[in-house]
Amino acid sequence: VQLQASGGGLVQAGGSLRLPCAASGRTFSNYSMGWFRQAPGKDREFVAGISSRTGITSYADPVKGRFTISRDNAKNTVHLQMNSLKPEDTAVYYCAADSPPYGLRYQSTTYDYWGQGTQVTVSS
């Protein structure tokens, strides 16, 4: 699976961004998808995930109620809608695909395919 993330940029605190991730190469609907982020000097962390066929979602506590992950299997895309952004959301955001037959997982090491990352900067 090849993944291409985009949509990052500079936004003021309280603002919104929508990050698309386009997938190609394999049957997209078979893969659980995740968004991760990595801030300078910190480990890569799970942000949100969506399972392959049932569309079950899960969010890290810091983003619950502000971020929404969604997928369109017909268009081979997954989106991360980010609202009420905070300066602490500043990071490089990555989309990732987890091969079947596993369900939704949270550790970055379990994901097999990664996009190139897109920078999100939230100013105070």
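Data overview
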read-out	value
Enclosed volume per residue, in Å³, of the convex hull spanned by Cα atoms of the range 32-76	83 Å³
Förster radius 22 Å - calculated FRET efficiency between Asn30 and Gln116 (Cβ-Cβ, nearest 0.05)	0.50
In sequence order, calculated HN-Hα J values of the range 108-124 (Karplus, 6.51, -1.76, 1.60; Hz; x Gly/Pro)	4, 5, 8, 8, 8, 10, 9, x, 7, x, 9, 7, 10, 10, 10, 8, 8
Quotient of Cα Rg and 2.2 N^0.38 Å for the range 69-124, N being how many residues it contains	1.31
Note, ³J(HN,Hα) from phi for the range 76-82, Karplus 6.51, -1.76, 1.60, rounded to Hz, x at Gly and Pro	6, 9, 10, 10, 10, 8, 10
Carbon and sulfur %, accessible surface of the chain computed with the full protein complex present, 1.4 Å	48 percent
Surface per residue (accessible, 1.4 Å probe) for the chain, Å²	50 Å²
Value of Rg to Rh for the chain (Rh from inverse mean 1/r over Cα pairs, i.e. Kirkwood)	0.94
When the range 1-47 is reduced to its Cα atoms, the Kirkwood hydrodynamic radius in Å	12.9 Å
Karplus 3J(HN,Hα) series, Hz, for the range 17-25 with 6.51 cos²θ - 1.76 cosθ + 1.60 (x for Gly, Pro)	9, 10, 9, x, 9, 9, 10, 8, x
Length added when fully stretched, Ala13-Lys75, from 0.36 nm per residue minus Cα-Cα	19.2 nm
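The values are calculated or read from the model by the stated rules, or taken from the named source; none is laboratory data. Here the structure is a predicted model, which is why all the values come from computation and not from measurement. Note that we place each Cβ from the backbone using ideal geometry, even for glycine, and neighbour counts take in every protein chain shown. Areas reflect the complete protein model, heavy atoms only, side chains present, ligands, DNA and RNA absent. Shrake-Rupley method; radii C 1.70, N 1.55, O 1.52, S 1.80 Å.
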